[in-house]
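Input: a single structure, listed below in C-alpha cells.
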Amino acid sequence: MKPAAFEYHAPASVGEAVGLLAELGEDAKAIAGGQSLVPMLALRLAVLDHLVDLRRMEELRGIEQRDGGVWIGAGTTQATIQRSAEVAAWVPLLARATPLIGHFQIRNRGTLGGSIAHADAAAEYPAVAL
C-alpha cells in the first residue's frame, strides 16, 4: 500500500517547527526518524494532512552532561546512543536496552524522542523512561 497524500514540511529550526505545528494544529504530525510512523502511513493506519520533518534540526541532537544530569536530545538516533560511552556511564539501563531495538537499520534512523512520543507499550525506550 501507499500512504494517502499529505503536504511535507522540513523546518530548519525548532522555532520554525513549533510555529508550523501550532499553525497546522491536529492536521499535522511530527516525524523524527520515522521508524514507527512510516509503516503506519504506508498501511494507512495513520492518515494526516501535513508531515513536519524534524531531522534537519541539529539543536535536537546530542548527548551532554548538564546541571548534574544527562541531556539527550530528542532527535538523537538510537545508533548514536548505542555508541555513546557517556550514556553507558550515566544511564546504563538505556545503554543496555538500545541494542535490543529492532536491527541496526532501525537504530540508524530511529530516535529517542520519536520512540518515546510514539509510546508503543512493547518498545524499549518508553519502558526505560518509566
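The values are calculated or read from the model by the stated rules, or taken from the named source; none is laboratory data. Because the structure is a prediction, the values reported are computed rather than measured. Here the Cβ is made from the backbone with ideal geometry for all residues, glycine too, and neighbour counts use every protein chain on show. For the accessible areas, the whole protein counts, side chains as well, though only heavy atoms, and no ligand, DNA or RNA atoms are used. Shrake-Rupley method; radii C 1.70, N 1.55, O 1.52, S 1.80 Å.
Which one is farthest from the chain's Cα centre (by Cα) among residues in segment 1-45 that are part of a loop (DSSP other than H, G, I, E, B) and farther than 23 Å from residue 112 by Cα? Among them, the one singled out is 1. Cβ separations smaller than 9 Å between residues 6+ apart or across chains give the following pairs from segment 1-17 residues that are in contact (Cβ under 8 Å) with a residue 24 or more places away in the chain and surrounded by fewer than 11 Cβ atoms within 10 Å (Cβ to Cβ) to residues that are part of a loop (DSSP other than H, G, I, E, B) and of a type outside the set (Gly, Ala, Ser): 1/43; 1/44; 2/44; 12/56; 12/57. Checked against the criterion of being among the hydrophobic types (A, V, I, L, M, F, W, C), open to solvent by less than 80 Å² (accessible area, probe 1.4 Å) and part of a strand (DSSP E or B), the candidates 94, 51 yield just one match: 51. For segment 68-109, the candidate set comprises residues that are in contact with a Phe, Trp or Tyr (Cβ under 9 Å, 6 or more places away or on another chain) and at pLDDT below 95; within that set, the residue that is farthest from residue 33 (Cα to Cα) is 69.
Kindly establish whether residue 65 is in contact with a Lys or Arg (Cβ under 8 Å, 6 or more places away or on another chain), of a type in the set (S, T, N, Q) and either open to solvent by less than 30 Å² (accessible area, probe 1.4 Å) or modelled with pLDDT under 95 (or both). Here the answer is no, as residue 65 does not meet what is asked.
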